[in-house]
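See structure below.
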Amino acid sequence: MFLFNFAQFVDWPAGSAADSSAPLVIGVLGDDPFGSQLDDVVHGETIHSHPLIVQRYRRLEDVTHCHILFISQSERDRMPQIMTGLKGKHILTVGDTEHFAQDGGMIQFVTEHHKIRLRIDLEAAKADDLTISSKLLRPAEIVSPRGG
């Protein structure tokens, strides 16, 4: 559900979609922790006239047209290469691995006191020309990259 909601609170640069009716792609890189639930949530949904679709990727090279990419914990050891490979592609990166946001990811899910909280690296999003709404930023913890 969070991934669907992110699509409503993020603006991508002009030209990120082929046309006004092109799909907004939510991708999963690596092992899929969602199963059919993600497909069920986005089925029939649109954001600003863009239908939402889900794509699953086994390799970074397969991620060609994507707007929101959940990077699975199975990809933890390849995180530096993945982040380098995604730079400049205007893809909102989301994950739940430890230190995801401090290691170059944009939005990290963190469970604290049985609640899901968000850590956001605003600098990483801005570097890829993504604008995150204050509605999403307000309840989140804003973090800086490690060493930054």
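Values quoted throughout were computed directly from the atomic coordinates according to the rules given, and no laboratory measurement underlies them. None of these values were measured; they are calculated from a predicted model.
Structure notes:
- MRE, 222 nm, helices only [DSSP H, n ≥ 4, -39500 (n - 2.57), over the chain, to nearest 500]: -5000 deg cm²/dmol
- Under-5 Å amide H pairs with Ile142, H placed in peptide plane, nonlocal only: Ile120
- Computed extension length for Glu61-Arg76: 3.8 nm, one decimal, from 0.36 nm per residue of separation with the Cα-Cα distance subtracted.
- For Phe70, residues with placed amide H under 5 Å, excluding near neighbours: Gly27, Val28, Leu29, Val94
- ³J(HN,Hα), Karplus 6.51/-1.76/1.60, whole Hz, each residue of the range 86-98, x for Gly, Pro: 8, 4, x, 9, 6, 10, 6, 9, 9, x, 10, 6, 4
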